Amino acid sequence: MTPMIDVVFQLIIFFVVTADMQQKAIDESIKLAMAPHAKPVEVRDPREVVIEVDNQGRISIARTYMTADFLYTVMRKTVADHGQSVPVVIRADGGTRHEAVRQVMDACTRAGLWKVKFSAVKEKAG
Amino acid sequence: MKRRKRQRDTSGESGELNMTAMIDVVFQLLIFFLVTQKPIDTMANLDVSRPSPESRQEQMQTPPKMIRIQIFPDGFTINDRPVGLSEMEGLLVRLAGIDRNQTIMIMCAAMSRHEDLVRVLDLCAKTGLVNLSVISTN
């Protein structure tokens, strides 16, 4: 019995730690605006590109900061790889000025992505 | 040798697995995860479309039937009439009653906060309007 329990614990810890790692890619300091009536996110498209804008107006993808011009290059590459149906999600801080968000939207539009989604919090946990 | 080992094993808790150490470790793990875990908020997505740069010039001449919501750093207007959030909701409910698929043009000033845009989009989502177009103004 004892070796089995040891192995099971090792497995549990392994999965808990690796599940945690998947969430590291998003910036926790971004305070999203509330949208209690919007439709909740049920399934995530694996192709989804999440672009983050923090409250200073800095643009980042997966914690990598970049300029709007570089974002355009990235988005153009994404469109070339996956087509124009790639979902783009903008995770912008509620206190960000619209001009920073505009730069992101303009870069997406120039790359041929006309539809974007804004991420918001539907319901706060706890 | 063999007998001594058996003796040591049985000296604990009559031949059964000693659970005390395991329970200690499990509680430690449980407490660790409870403390470090952050509750996850329910997320929502708000879909908008963006006019392409070429059609932007045409839309500046504003087709008369379109609903224009403008967002400024200090307030909102619908078709150039200043409104509060609750008044806007009333108007949007009425508009949605007529036609849910009509295009709403949301013109957002550069210095307005993103929060206000999300607030307007949320109202549109609440009333069921789906064709939302976000345009940036200076």
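Bear in mind that the values in this text are calculations on the coordinates, not laboratory data. From a predicted model like this one, the values you see are computed outputs, not experimental measurements. In this analysis, Cβ positions are derived from the backbone assuming ideal geometry, glycine residues included, and neighbour counts consider all displayed protein chains.
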Scalar couplings 3J(HN,Hα) for region B:20-26 by Karplus 6.51 cos²θ - 1.76 cosθ + 1.60 (θ = phi - 60°), nearest whole Hz, x for Gly and Pro, are 4, 5, 5, 4, 4, 5, 4
Just to be sure I understand the model, the point goes 7 Å from the Cα along the line to the Cβ. What's the resulting residue B:81 to residue A:7 distance in nm? 7.3 nm
The long-range amide H neighbours of residue B:108, using H built 1.01 Å from N in the peptide plane and a cut-off of under 5 Å, are B:71, B:135, B:136, B:137
Please give the calculated 222 nm ellipticity per residue for chain A, where each DSSP H segment of at least 4 residues contributes -39500 (n - 2.57) and the sum is spread over every residue; nearest 500 deg cm²/dmol? -13000 deg cm²/dmol
Modelled label-to-label distance, residue A:79 and residue A:124, 7 Å Cα→beta-carbon offset: nm? 3.8 nm
Applying 1/(1 + (r/R0)^6) with R0 = 41 Å to the Cβ-Cβ distance of residue A:64 and residue B:89, what FRET efficiency is obtained, to the nearest 0.05? 0.60
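Pulled fully out, how much extra length does the chain show between residue B:33 and residue B:67, if you take 0.36 nm times their separation in residues and subtract their Cα-Cα distance? Could you put the intermediate results ahead of the total?
Details: separation 34, 0.36 × 34 = 12.24 nm, distance 5.04 nm.
Computed gain between residue B:33 and residue B:67 is 7.2 nm.
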Peptide A:29-42: average number of partner chain Cβ atoms within 10 Å per residue? 5
Theoretical gain in end-to-end length, residue A:18 to residue A:106 [0.36 nm per residue, Cα-Cα removed]: 28.1 nm
For the residue pair residue A:25 and residue A:43, what label-to-label distance in nm results when each label sits 7 Å from Cα along the Cα-to-beta-carbon direction? 1.8 nm
